[in-house]
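Enquirer: First the structure, which I've put down as structure tokens, then a few questions once you've had a look.
The values are calculated or read from the model by the stated rules, or taken from the named source; none is laboratory data. The shown structure was predicted, so the numbers you read here are calculated from the model rather than taken from an experiment. Methodologically, a virtual Cβ is constructed for each residue, glycine included, from the backbone with ideal geometry; neighbour enumeration extends over all protein chains shown.
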């Protein structure tokens with residue numbers, strides 16, 4: 001299994017695209033795409049469903065952003081940082097902040 005640099009729950013900053021410079025929390029990762037809460041909003045049409053009691057209309061939902069357009073956001077230094085992978089002697093993989101050399105929460 002390939003360990004991704006960005007995971008669900010991480011705080012990230014967008015480094016490219018229309019939302020450049022904005023920060024948010026990752027709510028999900030699917031392959032090379034991530035969903036960031038409240039960013040990259042898309043208009044989605046929903047049909048009315050009488051059986052479920054749902055109203056139809058235009059609804060906003062988050063669109064996916066490619067992982068290459070995201071950078072991990074260090075809340076202590078308030079800057080985007082690179083994340084490195086390290087294999088510990090017991091064989092466990094951890095993510096660490098390349099600027100401060102501290103382990104990132106898993």
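Enquirer: Which of the residues spanning the range 73-97 are at pLDDT 90 or above, under 16 Å from residue 10 (Cβ atoms) and assigned to a loop (DSSP other than H, G, I, E, B)?
Expert: Across the range 73-97, the qualifying residues are 78, 82.
Enquirer: Hey, another quick one. Anything in the range 10-40 that is touching a residue at least 60 places away in the same chain (Cβ under 8 Å), farther than 12 Å from residue 69 by Cβ and surrounded by fewer than 17 Cβ atoms within 10 Å (Cβ to Cβ)? List them, or say none. Can you show your working first?
Expert: Residues of the range 10-40 touching a residue at least 60 places away in the same chain (Cβ under 8 Å): 10-13, 15.
Keeping just the survivors that are farther than 12 Å from residue 69 by Cβ gives 10-11.
The one that is touching a residue at least 60 places away in the same chain (Cβ under 8 Å), farther than 12 Å from residue 69 by Cβ and surrounded by fewer than 17 Cβ atoms within 10 Å (Cβ to Cβ): 11.
Enquirer: Looking only at residues in the range 41-54 that are surrounded by 11 or more Cβ atoms within 10 Å (Cβ to Cβ) and more than 21 Å from the chain's Cα centre (by Cα), which one is nearest to residue 17 (Cα to Cα)?
Expert: It comes out as 46.
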